[in-house]
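*Asks:* One structure follows; several queries about it will come next.
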Amino acid sequence: MSKKYDVIVIGAGNGGLTAATKMALSGKKTLLVERHNLPGGYATSFVRGRFEFEASLHELCGIGPITGVGALKDTFQELGMYDRVEWVEVKEAFRTITLNDENNYDYALPTGKEAFIEKAEEYYPGAREHIEKLIDLAVQINNGISFLNNIKSFNADTVKTVFDEHLNFLNIASYSVNQVFDALGTPQPVRDIFAAYWCYLGVDLDELNFIHYATMFHSYIVDGAVIPKGRSHTISCALLDRFEELGGEAWFNSDVKKIIVKDKIAKGIVLDDGTEVLADYVIANASPYNVLTKMIDGAEIPKFQTQDNNAKQLAVKGYAVFLGLNKSYEELGLNNHSYFIYDCADTKKVSELSKTNKKCALQATVCLNKAIPDCSPEGTSILYMTSIFQGDEAWKDITPENYVKEKRRYANIMIDDFEKATGAKIRDAIEEIEIAAPVTYAHYNDAPNGTIYGFQAAGSNSIVHRLMTMAMGDKIKNLGFCGGYTQQCIGFSPSYQTGMMAANNAIKYLEKEEASK
Amino acid sequence: MKNKLIPIKSQGADFLNTVKMIPERLKDVKNASDKPAMNPEKFNVNMVSAALHPKKQTLKIKKIDVISPDVKSYYFTWVGSQPLAYFRAGQYLTFQLEIDGSIVTRAYSIASSPASALKGEYQITVKRVNDGFVSGYILDNWKLGDIVTSFAPEGTFVYESIRDAKTVMALAGGSGITPFLSMARAIDDGTECFNLTLLYGARNKDEILFKDELDAIAQRNPNFSVVYVLSDVKSKPKGCEKGFISAELIKKYAPVNEKYSIFVCGPEAMYNFLHKEIPTLGLEDKYVRFELFGVSKSTLKLDGIKPGTYKMTVINRGEETETTCNGEETILNALERAAVKVPVRCRSGECGFCRSKLVSGTIFLPETVADKRREADARFGYIHPCCTYPTSDIVIKIN
């Protein structure tokens, strides 16, 4: 049996959900297929005992400040689901700590440009001037991006505007965070404060593109971050709800084995039970790595597309410990929402260290109750700790037999590090614990090698390279991609946006086809 | 407004470096291999994931121990190329069976040690439940050499050293012994490392399962001990306790001046009794864990149950089928009776595998079953059919 749809979206992750909803909103007959029994991909939650744990989201940018306007807010409003989620503003930015340096730092910063600068000045007199310069650059970059996003075509006026207002943005595009710090003479403490979020992108500051980091910093600090009530699963449910309301069809427990490609044109999909479904266009929220290595016959893939895929490296593997604690955050002294605990201030060294799992090179840890006090029963709290691993070495020797012991060993290291860094004693309060290791991400998300960040955003595959070259080369036709592996790199907000971009491309194609008939 | 230029290297070089990014990327693409990259299923991480979480397991019954006509142990080995999935002592297997045109599932704790899975063996023990549809079928029909289907091991009723005390007081009743037998065996063979004190309740000595083996492990392994608690005996048998497992008995055998955890697995009556006893011990909740046992017949006495036959419309991958459900059975039961394949594991509302959308209609979720749905699932109309009863005609989307 073979049904015909305008578009099939493979995978109900963040990108797949926005892509499918946008297609349905445009009146296209849309089928969304998901291998799991619920939507969201990484944007999900799970229940253990009396706790519901957030699976991945630390803070969401692009929504806040809730009274203001953010890009993702516009998208969710356009899709008609913004009001189905209750958004809670996160007022603290982060507390960033080093553990094993000769002189360790420990800084806690709020969100909001002025408040952030003031606090930084307290920690390091003279920081104001340096941070203002960096934020000013971040603002210029942000303005540059929205300018480019909104122009229809280049003419004398737009070129003049680019050279008058956005030249710094263009000039800076090829440089790493550290290259910009060096050029601006940014002192170390200011670097430590300004770049605290770097682990969210999984690339050290010698490699990480400045524009990439600055836009993220801008959205967290200048615009502000939020958390949805009911975990990120609420966003996933709300998007699916809206998609179905618009007439979209969603199939769960439906694993796509093959994408049907004939003459280098995508024609449909085959599910694992052999069900074949045809469509005029396919959008894959599945990882392009998996799509191009196991879902499409190699002979059907244009050479450029295979080489392009091969010229990318899989990004870091993920690891997380979820703790349900039987005391309140006040009792435990969990005074911050978001903690970054780094082995040392040298991000290159931290990255090196994260190539093995002998020590914990870094952790990004969230106490959810600090943002949403009633996210767990009264007198309890939720803490989740995330770490990442570079390269192929860590978890290479894992076996089914040693798996539980190995992941527990690493959890113990992270818990010890957390206690040591923050002074909060949490171990005796652990009522529920769940551990997600790279194997878990491979299991739930079919992540190649357990990566949680798609392709490494470094070298010639930085976000800027991706955006500049995304329309180039010979690729399978009528097959779009969205999600964290694609042009905007990883992160909640970007992956929702890639779904919109993929949908817009599909709509453009389908409408052209319609017009030519 | 003109922005002040911020040179990084020099103004000219900066712009040029930006322009160079495109050829830089294209050069790397050109130099990359034109052969497809490694199949992701070949990464060790993905192979371990596949080994631990096979979608289904095809098992062959290699041995049956008849303990009594109503209690049998089944030993399975693997068929085909996929070895048995490893597991944690205390986890269960969910079997999928076709009985008289229904597709049904049941979860059984694995009684063998995880180490035996590596050698190609699982053991479960099935006890006949009063008018139990599936247990009766298994006991009367499963034969040596039969091929059966299970899902991968699941469950959170396991020892976790980061969370639990070093000593676990295991309270078992009836066939609820099986997860603890697995734990005792795992302690004995070195897979697990904690102290397990088993208080095993039975009516009389004849009802004790695996007594010889439990005694032997207790004899040779200092980390395991067992006390039989017999209720239907006139006088206290030697080396046993008489009565029920009570707070007083737990205290008698628990470590003094040291924290301990309590794990409970047994029949509903035992749970009801222990729910009154255990709180008197003053332990923090984190140290008390009950294994699930699904919804029980006593649910039917609750006020929320609305007897009657209702129309049930099932949506599965866009196809609608109509069948009936009954106010005195769970929605999952009705689905299985109609031979609808539903992803199911725990049958107790916890695991969330059967999560489905209630498109229309009303339901009753018994207060005796903890609502383990995600907050957003409850808000957006999702239910766990395994512990939910219909109270009107319903439309349910399972896939």
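The values are calculated or read from the model by the stated rules, or taken from the named source; none is laboratory data. None of these values were measured; they are calculated from a predicted model. Every residue, glycine as well, gets a Cβ built from its backbone with ideal geometry; the counts of neighbours run over all protein chains shown. Heavy atoms of the whole protein, side chains included, go into the accessibility calculation; ligands, DNA and RNA do not. Shrake-Rupley method; radii C 1.70, N 1.55, O 1.52, S 1.80 Å.
*Asks:* Of all residues being hydroxyl-bearing (Ser, Thr, Tyr) and either facing chain B (nearest Cβ under 7 Å) or over 25 Å from residue A:366 (Cβ atoms) (or both) in region A:397-424, which is least open to solvent (accessible area, probe 1.4 Å)? Just the residue, please.
*Replies:* The extreme case among them is A:403.
*Asks:* For region A:284-382, which fully contained helices (runs of 4 or more DSSP H) count at least 1 residues that are open to solvent by 10 Å² or more (accessible area, probe 1.4 Å) and over 30 Å from residue B:374 (Cα atoms)?
*Replies:* A:303-310, A:347-353
*Asks:* For residues that are part of a loop (DSSP other than H, G, I, E, B) and over 20 Å from residue A:390 (Cβ atoms), tally how many sit in region A:176-211.
*Replies:* Here the count works out to 3.
*Asks:* In region B:340-381, what count of residues is obtained for those that are open to solvent by 40 Å² or more (accessible area, probe 1.4 Å), small (Gly, Ala, Ser) and at pLDDT below 95?
*Replies:* 1
*Asks:* Going by what's in this entry, would residue B:121 be described as buried (at least 16 other Cβ atoms within 10 Å of the Cβ) and of a type in the set (D, E, K, R)?
*Replies:* yes
*Asks:* Which pairs have Cβ atoms under 9 Å, sit 6 or more apart or on different chains, and link a residue in region A:164-192 that is within 7 Å of chain B (Cβ to nearest Cβ) and over 24 Å from residue A:469 (Cβ atoms) to one that is polar (S, T, N, Q) and buried (at least 19 other Cβ atoms within 10 Å of the Cβ)?
*Replies:* Going by the 9 Å Cβ cut-off, the qualifying pairs are A:165/A:140.
*Asks:* So residue A:444 fits all but one of (1) surrounded by fewer than 22 Cβ atoms within 10 Å (Cβ to Cβ); (2) facing chain B (nearest Cβ under 8 Å); (3) among the aromatic types (Phe, Trp, Tyr); what number is the exception?
*Replies:* Status for residue A:444: all satisfied but (2).
Here's the yes/no breakdown for (1) among the β-branched types (Val, Ile, Thr); (2) within 14 Å of chain A (Cβ to nearest Cβ); (3) more than 18 Å from the chain's Cα centre (by Cα); (4) surrounded by fewer than 20 Cβ atoms within 10 Å (Cβ to Cβ):
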| position | (1), (2), (3), (4) |
| --- | --- |
| B:147 | yes, no, yes, yes |
| B:152 | no, yes, no, no |
| B:161 | no, yes, yes, yes |
| B:169 | no, no, yes, no |
| B:177 | yes, no, no, no |
| B:184 | no, no, yes, no |
| B:187 | yes, no, yes, no |
| B:191 | yes, yes, yes, no |
| B:194 | no, yes, yes, yes |
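*Asks:* Does any residue in region B:47-64 that is touching a residue at least 24 places away in the same chain (Cβ under 8 Å) and open to solvent by 70 Å² or more (accessible area, probe 1.4 Å) come within less than 6 Å, Cβ to Cβ, of a residue that is aliphatic (A, V, I, L, M) and not in a loop (DSSP other than H, G, I, E, B) six or more places away or on a different chain, and which pairs are these?
*Replies:* Going by the 6 Å Cβ cut-off, the qualifying pairs are B:60/B:147.
*Asks:* Still on this structure: Restricting attention to region B:24-43, and to residues there that are assigned to a helix (DSSP H, G or I) and open to solvent by less than 70 Å² (accessible area, probe 1.4 Å), which single residue is farthest from the other protein chains (Cβ to nearest Cβ)?
*Replies:* Per the criteria, the residue is B:26.
*Asks:* Applying the selection to region A:445-462, what residues are part of a helix (DSSP H, G or I) and at pLDDT 95 or above?
*Replies:* Hits for region A:445-462 are A:448, A:449, A:450, A:459, A:460, A:461.
*Asks:* Can you tell me which condition residue A:277 does not meet? The list is (1) outside any helix (DSSP H, G or I); (2) surrounded by fewer than 21 Cβ atoms within 10 Å (Cβ to Cβ); (3) at the interface with chain B (Cβ under 10 Å from one of its Cβ atoms), and all the others hold.
*Replies:* So residue A:277 meets the others, but not (2).
*Asks:* Here's a follow-up. State yes or no: is residue A:255 open to solvent by 10 Å² or more (accessible area, probe 1.4 Å) and closer than 30 Å to residue A:125 by Cβ?
*Replies:* For residue A:255, the condition - open to solvent by 10 Å² or more (accessible area, probe 1.4 Å) and closer than 30 Å to residue A:125 by Cβ - is not met.
*Asks:* Moving to a separate point now. Restricting to region B:50-108, name every residue that is at positive phi and away from every other protein chain (no Cβ under 14 Å).
*Replies:* Those that are at positive phi and away from every other protein chain (no Cβ under 14 Å): B:80, B:100, B:101.
*Asks:* Could you grab me the full set of residues in region A:231-247 that are surrounded by fewer than 24 Cβ atoms within 10 Å (Cβ to Cβ), touching a residue at least 24 places away in the same chain (Cβ under 8 Å) and within 11 Å of chain B (Cβ to nearest Cβ)?
*Replies:* Matches in region A:231-247: A:241, A:242.
*Asks:* Still on this structure, please answer the following. Contact list please: Cβ distance under 6 Å, first residue in region B:202-219 and at negative phi, second residue crowded, with 16+ Cβ neighbours inside 10 Å and assigned to a helix (DSSP H, G or I), pairs at least six apart or on different chains.
*Replies:* B:209/B:177; B:217/B:184; B:217/B:188
*Asks:* Out of (1) modelled with pLDDT under 95; (2) touching a Gly at 6+ places or on another chain (Cβ under 6 Å), what's the single condition that is false for residue B:306?
*Replies:* (1)
*Asks:* Quickly run through region B:1-19 and pick out the residues that are surrounded by 13 or more Cβ atoms within 10 Å (Cβ to Cβ), facing chain A (nearest Cβ under 8 Å) and not β-branched (Val, Ile, Thr).
*Replies:* B:3, B:7, B:9, B:11, B:14, B:15, B:17
*Asks:* Now, a different point. Exactly one of (1) under 27 Å from residue A:387 (Cβ atoms); (2) away from every other protein chain (no Cβ under 14 Å); (3) among the polar types (S, T, N, Q); (4) open to solvent by less than 30 Å² (accessible area, probe 1.4 Å) is unmet by residue A:487. Its number?
*Replies:* (2)
*Asks:* Determine which member of the set A:235, A:211 is closer than 30 Å to residue A:109 by Cβ, in the same structural domain as residue A:16 (by TED's automatic domain parsing), of a type outside the set (Ser, Thr, Tyr) and within 18 Å of the chain's Cα centre (by Cα).
*Replies:* Step by step, each of A:235, A:211 is checked, and only A:235 is closer than 30 Å to residue A:109 by Cβ, in the same structural domain as residue A:16 (by TED's automatic domain parsing), of a type outside the set (Ser, Thr, Tyr) and within 18 Å of the chain's Cα centre (by Cα).
*Asks:* Scan region A:383-396 for residues that are in contact with a His (Cβ under 8 Å, 6 or more places away or on another chain) and open to solvent by less than 10 Å² (accessible area, probe 1.4 Å) and jot them down.
*Replies:* Once the filter is applied, which keeps residues that are in contact with a His (Cβ under 8 Å, 6 or more places away or on another chain) and open to solvent by less than 10 Å² (accessible area, probe 1.4 Å), region A:383-396 yields nothing.
*Asks:* Continuing with the same structure: Which of the residues that make up region A:1-53 are more than 20 Å from residue B:355 (Cα to Cα) and in a loop (DSSP other than H, G, I, E, B)?
*Replies:* Matches in region A:1-53: A:1, A:2, A:3, A:26, A:27, A:28, A:29.
*Asks:* With the structure loaded, tell me whether residue A:201 is touching a residue at least 40 places away in the same chain (Cβ under 8 Å), within 27 Å of residue A:444 (Cβ to Cβ) and away from chain B (no Cβ under 13 Å) or whether it fails that test.
*Replies:* For residue A:201, the condition - touching a residue at least 40 places away in the same chain (Cβ under 8 Å), within 27 Å of residue A:444 (Cβ to Cβ) and away from chain B (no Cβ under 13 Å) - is met.
*Asks:* Just need a number here: residues in region A:48-77 that are in contact (Cβ under 8 Å) with a residue 40 or more places away in the chain, charged (D, E, K, R) and more than 30 Å from residue A:345 (Cα to Cα).
*Replies:* 3
*Asks:* While we're on this one: For residue A:63, only one of the following conditions fails: (1) at pLDDT 95 or above; (2) crowded, with 21+ Cβ neighbours inside 10 Å; (3) not assigned by TED's automatic domain parsing to the domain that holds residue A:280. What is its number?
*Replies:* (1)
*Asks:* Taking the stated definitions as given, is residue B:370 in contact with a strand residue (DSSP E or B) (Cβ under 9 Å, 6 or more places away or on another chain) and either within 13 Å of chain A (Cβ to nearest Cβ) or in a helix (DSSP H, G or I) (or both)?
*Replies:* No: the conditions fail for residue B:370.
*Asks:* Also, quick follow-up: Given the criterion of a type in the set (Ser, Thr, Tyr), open to solvent by 10 Å² or more (accessible area, probe 1.4 Å) and in a loop (DSSP other than H, G, I, E, B), identify the matching residue among A:56, A:146.
*Replies:* The unique qualifying residue is A:56.
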